[in-house]
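Visitor: I have a structure here, written as structure tokens, and I will follow up with some questions on it.
The values are calculated or read from the model by the stated rules, or taken from the named source; none is laboratory data. Owing to the predicted nature of the structure, the values given are computational and were not obtained by experimental measurement. So basically every Cβ, Gly included, is an ideal-geometry build from the backbone, and we count neighbours across all protein chains shown.
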Amino acid sequence: MSTFDLDPVVRAVSAASRVARRAAAERANLADLLKDDKSPVTVADLAVQVAVTAALRAAGVPHADRLVGEEGADSLDAGGSVMIEQLIRLSGESLDAAGLGHAAPTTEAALRELLDAAGLDPAAEGRDTFWCLDPIDGTKGFLRGQQFAIALGLVEGRDPQIGLLGCPHLPLGESDDYGAADDTGSIYLGVVGEGAWAGPATASGTTDLAPTAVSPEPPGGRVRVCLSYEKAHSDTDRTSAALEATGVQTTPIHIDSQCKYAMVASGRADLYLRLAREGYREKSWDHAAGAAVVRAAGGIVESATGQPLRIDGRWVDAPGGIVVRTNAVTVPPM
């Protein structure tokens, strides 16, 4: 596995969390300004991608010249000059707050170049090691003012090895309502083979993080299961059947985005199933970071058929769907 200073990567995700949190707080104003109810998440997606890419590059993080990212420069075209102004403002303010103001873009050309950098096709460009970025994972959670995540993962030879999850609204500790927005938020770092850590979303480096690990067993014998608000990509019938097949009692936790991976990695959940509908193919940026964090925390991430999850460039190789679990939970292959 690659070994290098991870403090700049933590700072990059921390800066991105500031961008996203600010955009979430301003989502009503952004929608009104840009005349589109979906524009707040578009602005947040682009501003986070710009901030992360700029921060990684400024710090000279290995493999950060090109990323596998969800967004591209063409997304700027629909928003016009107003969107460009908002992106420069949001990314600049957040990078400056993270001590990275020198990396902030100040022109449309700089924005476009940073966004274009996320168009990496690892197979076509001969890259065996690359960063995967989902700037806002959990669109509907963002728009509701609930849970969403910034997900950054390093893939080496098809295996997620390093993962960071910035969760601007997710508390560090237990909560009675994970749908609510926490005042501080949290960040999770996992390095496979070395361990996992968690801390406040404002963390400035690894020293602000404390060790975290999956739960050794479900409390009281009840398996805590992360379930989506968003049902568009999951097969709820198969999920229900799989849960019944475990033969144990379950406690549901409804939560958006790769925050589900953070819940398992931090010992607050025991199982997450994402059993895809027929014809749907998982994107690498939706799982690379979370998979690395859970594996580093001592958990298991595999396909629904029981094979290890693999990243295939911009796609995920996981036949039948994805199972995220602790060692204490068994799910029969499907």
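Visitor: Would you call Ala196 in contact (Cβ under 8 Å) with a residue 60 or more places away in the chain, outside the structural domain of Lys260 (by TED's automatic domain parsing), touching a Ser or Thr at 6+ places or on another chain (Cβ under 7 Å) and not aromatic (Phe, Trp, Tyr)? Write out each step before concluding.
Guide: Numbers: in contact (Cβ under 8 Å) with a residue 60 or more places away in the chain: yes; outside the structural domain of Lys260 (by TED's automatic domain parsing): yes; touching a Ser or Thr at 6+ places or on another chain (Cβ under 7 Å): yes; not aromatic (Phe, Trp, Tyr): yes.
Spelling it out, Ala196 is indeed in contact (Cβ under 8 Å) with a residue 60 or more places away in the chain, outside the structural domain of Lys260 (by TED's automatic domain parsing), touching a Ser or Thr at 6+ places or on another chain (Cβ under 7 Å) and not aromatic (Phe, Trp, Tyr).
Visitor: Counting just the residues of the range 60-82 that are more than 14 Å from Ala118 (Cβ to Cβ), surrounded by fewer than 18 Cβ atoms within 10 Å (Cβ to Cβ) and modelled with pLDDT of 90 or more, which one comes out farthest from the chain's Cα centre (by Cα)? Spell out how you get there, then give the answer.
Guide: Going residue by residue through the range 60-82, those that are more than 14 Å from Ala118 (Cβ to Cβ) are 60-62, 77-82.
Checking which are surrounded by fewer than 18 Cβ atoms within 10 Å (Cβ to Cβ) leaves us with 60, 62, 77-78, 80-82.
Among the residues that remain, those that are also modelled with pLDDT of 90 or more are: 60, 62.
Values: Gly60: 22, Pro62: 20 Å.
Ranking the candidates gives Gly60 first.
Visitor: Could you list, in sequence order, all residues of the range 186-196 that are surrounded by fewer than 24 Cβ atoms within 10 Å (Cβ to Cβ) and not in a loop (DSSP other than H, G, I, E, B)?
Guide: First, pick out the residues of the range 186-196 that are surrounded by fewer than 24 Cβ atoms within 10 Å (Cβ to Cβ): 191-195.
Val191, Gly195 - these are the residues of the range 186-196 that are surrounded by fewer than 24 Cβ atoms within 10 Å (Cβ to Cβ) and not in a loop (DSSP other than H, G, I, E, B).
Visitor: Take the range 197-217 and flag every residue that is part of a loop (DSSP other than H, G, I, E, B) and of a type in the set (D, E, K, R). Even if it seems obvious, please write down each step before you answer.
Guide: Residues of the range 197-217 part of a loop (DSSP other than H, G, I, E, B): 201-205, 209, 213-217.
Residue satisfying the conditions is Glu217 alone.
Visitor: Return the residue satisfying two criteria in turn: it lies in the range 119-156 and is within 27 Å of Ala25 (Cβ to Cβ) and surrounded by fewer than 24 Cβ atoms within 10 Å (Cβ to Cβ), and of such residues it is nearest to the chain's Cα centre (by Cα).
Guide: Step by step, filter the range 119-156, then rank; the result is Thr139.
Visitor: Can you pull out every residue in the range 281-305 that is touching a strand residue (DSSP E or B) at 6+ places or on another chain (Cβ under 9 Å) and farther than 23 Å from Ala213 by Cβ? Before you say what the answer is, go through the steps one by one.
Guide: The first filter runs over the range 281-305 and keeps only residues touching a strand residue (DSSP E or B) at 6+ places or on another chain (Cβ under 9 Å), leaving 281-304.
Hits for the range 281-305 are Arg281, Glu282, Lys283, Ser284, Trp285, Asp286, Ser303, Ala304.
Visitor: Another question, if that's okay. List pairs: first in the range 1-24 and assigned to a helix (DSSP H, G or I), second buried (at least 21 other Cβ atoms within 10 Å of the Cβ) and among the hydroxyl-bearing types (Ser, Thr, Tyr), Cβ under 7 Å, 6+ apart or cross-chain?
Guide: The qualifying pairs are Ala15/Ser94; Arg18/Ser94; Val19/Ser91; Val19/Ser94; Arg22/Ser94.
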